Amino acid sequence: MKRETMIVAHRGASGEAPENTVEAVLRGWEEGADAAEIDVHLTRDGEVVVIHDATLLRTTGRDARVDALTLAEIRKLDAGIWKGAAWRGVRVPTLADVLATVPEGKRIFIELKEADGLVPALARTVEASALKPEQVVLIGFAAAALGEAKRVMKTCRTLLLADTPEGAEERRAALIALCVKEGFDGLGVSAGWPIDRGLVERLAGEGLELNVWTVNDPVRAKALVAAGVATITTDRPGWLRGKLAAKVKD
Ligand code: G3P
Ligand code: CA
């Protein structure tokens, strides 16, 4: 039976709210996203926080690495003002803060942005949350870190991320073989990849699913749905769902 393509809010609904904040993730749920994607790093005192970059500069204005400050220091920073005055006072959330927002039946994609020491802290936080294992999807570019996460958090799904496919077929084949070898559940690839039903079926033949990020173009999204990809990650989940539902041409 053909499964419907699910919509994942990239860094929360980051088109409309400051990325990787509770506010952005809540906005994603309000817009009807099936899942939210977030990025995680460790603080100096070993807490898992939700932020994309290894430094705080772009989203809080503080010129420091995340792992150089404690959670208490990071919580004083403003992670919303860069997106607009309406978001003044929004904070960098902990992973626990974000997990607490995930409704029944929805999923959270957690991207591991670093390796050292992250997996045990991540596992403890997920374990302490109210989420069911099937609601948590672990994603990452580094196969070693993702493999470690898979070994520790056996019941969570894992997707190996890949950017542009240099070497095209050779690279695709190598990534598929790596997923099979490591027991990952699928691939998450950038929207620039050549994707058609043949690729989706080839992956399915290996028991793998396909996620595509970051898709903010409705025409591309429609083609991906037609190809049968499992999930599409977008900055504007509600808007994109509306475009996908519309019968009229874009
Ligand atoms: O979902 C994967 C995607 O988020 C990877 O790119 O840079 O937005 O973390 P980035
Ligand atoms: Ca990400």
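Packing-based ranking of 152-162, 125-135, 53-63, 230-240 yields 230-240, 152-162, 53-63, 125-135, ordered from highest to lowest mean Cβ neighbour count within 10 Å. Computed over neighbours whose Cβ is under 12 Å from that of Ile7, the net charge equals 0, Lys and Arg +1, Asp and Glu -1. The protection proxy used here, the mean number of other Cβ atoms lying within 10 Å of each residue, ranks peptides 19-28, 169-178 as follows, highest first: 19-28, 169-178.
Within the chain, the whole DSSP H helices whose Cα atoms reach 20 Å or more along their own axis and whose mean Kyte-Doolittle score is at least -1.0 are 168-182. 3J(HN,Hα) couplings calculated from phi for segment 36-44 with the Karplus curve 6.51 cos²θ - 1.76 cosθ + 1.60 (θ = phi - 60°) are, in sequence order, 10, 9, 9, 10, 10, 9, 9, 7, 4 Hz; Gly and Pro show x. Checking the table Lys83/Lys113; Lys83/Lys150; Lys83/Lys243; Lys132/Lys181; Lys76/Lys154 against a 29 Å threshold on Cα-Cα, which pairs fail? Long pairs (Cα-Cα over 29 Å): Lys83/Lys150; Lys76/Lys154. Ligands, DNA and RNA are left out, and with a 1.4 angstrom probe the accessible area of segment 8-166 is 42 Å² per residue.
With both labels modelled 7 Å from their Cα along Cα-to-Cβ, the Ala68 to Glu114 distance reads 1.2 nm. Inter-label distance, Thr155 to Asp196: 4.1 nm, where each label sits 7 Å from its Cα along the C-beta direction. The spacing between segment 44-87 and segment 141-155, judged by their C-alpha centroids, is 26 Å.
Basic side chains Lys and Arg get +1 at the Cβ, acidic Asp and Glu get -1 at the Cβ, and with that the dipole of the chain about its Cα centre reaches some 520 debye. Taken over the chain, the alpha-carbon convex hull comes to 128 cubic angstrom per residue. In terms of accessible area, using a 1.4 Å probe and ignoring ligands and nucleic acids, Arg88, Arg151 rank largest first as Arg88, Arg151.
Secondary-structure-derived ellipticity at 222 nm for the chain, considering helices only, amounts to -9500 deg cm²/dmol, per-run term -39500 (n - 2.57) for DSSP H runs with n ≥ 4.
The values are calculated or read from the model by the stated rules, or taken from the named source; none is laboratory data. What you are looking at is a predicted structure, and each value in this text was computed from that prediction instead of being measured. Heads up, the Cβs are rebuilt from the backbone with ideal geometry, glycines too, and the neighbour counts pull from every protein chain shown. Just so you know, the surface numbers come from the protein's heavy atoms only, side chains and all, with ligands and any DNA or RNA stripped out. Shrake-Rupley method; radii C 1.70, N 1.55, O 1.52, S 1.80 Å.
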